[in-house]
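Worksheet: one structure, shown below.
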Amino acid sequence: MKRLIAPMLIAAALAGCGGGSSNSTVTVPPPPPPPPATTSFTTFVHTELAQTSETTEPEDVNGVTFTFPDDDNPAAFDDVLGGP
């Protein structure tokens with residue numbers, strides 16, 4: 001029995017070495033997707049109000065990412081709301 005242990009250990013060690021190749025290829029992960037394009041909410045509202053009529057179809061905003069550049073500007077919509 002002791003005579004079989006050494007050959008079995010050698011065979012197991014050599015079996016783990018199989019399959020190696022110097023021609024292996026490295027898989028490079030794809031680059032991350034670009035960030036979604038953003039739309040200025042102020043510009044969007046101004047454009048929508050300029051196009052509004054009785055027959056205007058609603059704009060699809062699903063999936064639109066809005067930015068709020070005029071978040072602290074209380075006069076951002078004065079021109080369309082008839083501000084002071």
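None of the figures in this text is laboratory data; all of them are computed from the coordinates on show. Because the structure is predicted, anything quoted here is derived from the model rather than measured. Glycine also receives a Cβ, built like all others from the backbone with ideal geometry; neighbour counts cover every protein chain displayed.
Please compute the contact order of region 34-84 in relative form: average sequence separation of alpha-carbon pairs under 8 Å and at least six residues apart, divided by the residue count, as a percent. Can you show the working numbers first?
Details: 31 pairs, mean separation 25.4, N = 51.
Normalised by residue count, the contact order of region 34-84 is 50 percent.
Modelled label-to-label distance, THR67 and ALA37, 7 Å Cα→beta-carbon offset: nm?
The answer from the label model is 1.3 nm.
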